[in-house]
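The values are calculated or read from the model by the stated rules, or taken from the named source; none is laboratory data. None of the values given here were measured: they were computed from a predicted structure. Using ideal geometry, Cβ is built from the backbone for each residue, glycine included, and neighbour counts are taken over all protein chains shown. Just the protein is used for accessible areas: all its heavy atoms, side chains included, with ligands, DNA and RNA removed. Shrake-Rupley method; radii C 1.70, N 1.55, O 1.52, S 1.80 Å.
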Amino acid sequence: TEVVNLADTVCVIQVPGLGDDVQLMKMGLLEIADVFVVNKGDKPEAQELKLQIELALQTNPGEYSRALRQLGSAFAATYSGPKWTPPVVIVSALRRTQGDQLLAACDQHLAFLRQPALDQALKRNRLRHEIVWRAGARIQDSLNAELRAGGKLASVLDACVSGALTLDQAVEQVLKGK
């Protein structure tokens, strides 16, 4: 999920003939993808898989795009810009075809994200997540050091191990810095 939240454009690659079409719905791939890619476009089943994905997108339309879901329901409720429906692009690595269409689809999605109504909100959201993640990592490192034997909070861990404190009580003590 972290990668999905950090990436501008998420391409979900499907291969025909593997029965993955049924798995699309179960795995939530419809909600993750900004662009669907059907690889092995040289196989006859590729067109059928493309149609199945497009049908799934039509019969299960999300209220808003992945980017809007990241920004939350309050933002999405006020958003009045264009909608994004993930395109489905068939490519063939064997024949080296349709790569330009895939790049064009990714460029179109990036242009959608760069519209003024979304660009700053997405940047702010990503930076907020990054700050929280980095601060959390530093806090974890500090707490681990303080809970080790001889550390400032080692007595709290000792009390929890002996049963004098419950886990919730120990957490409260740690948060109070005792």
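Once both labels are positioned 7 Å from their Cα atoms along Cα-to-Cβ, the gap between ASP42 and ILE13 label points is 1.6 nm. The phi torsions of the stretch 99-111, fed into the Karplus equation with coefficients 6.51, -1.76 and 1.60 and a -60° offset, translate into couplings of x, 5, 5, 5, 4, 5, 5, 5, 5, 5, 5, 4, 5 Hz, rounded to whole numbers, with Gly and Pro shown as x. Volume per residue of the convex hull around the Cα atoms, evaluated for the chain, comes out as 187 Å³. Under a model in which nothing but the beta-carbon of Lys, Arg (+1) and Asp, Glu (-1) is charged, the chain shows a dipole of about 520 debye around its Cα centre.
Which shape class, rounded, prolate or oblate, goes with the stretch 106-178 when its Cα gyration tensor gives a ≥ b ≥ c as root eigenvalues, a/c under 1.5 marks rounded, and past that a/b bigger than b/c marks prolate?
prolate
Close amide H pairs (under 5 Å, H built 1.01 Å from N) link ILE13 with VAL37, residues at least 5 positions away or on another chain. Once the Cα atoms are used to define both axes, helix 45-59 deviates from the longest principal axis of the chain by about 60 degrees. In this view, the solvent-accessible surface of LYS43, computed with a 1.4 Å probe and all protein chains in place, comes to about 90 Å². Here the Gaussian network model covers the chain, with springs between Cα atoms less than 10 Å apart; of ASP107, ASP119, ASP141, ASP141 fluctuates the most.
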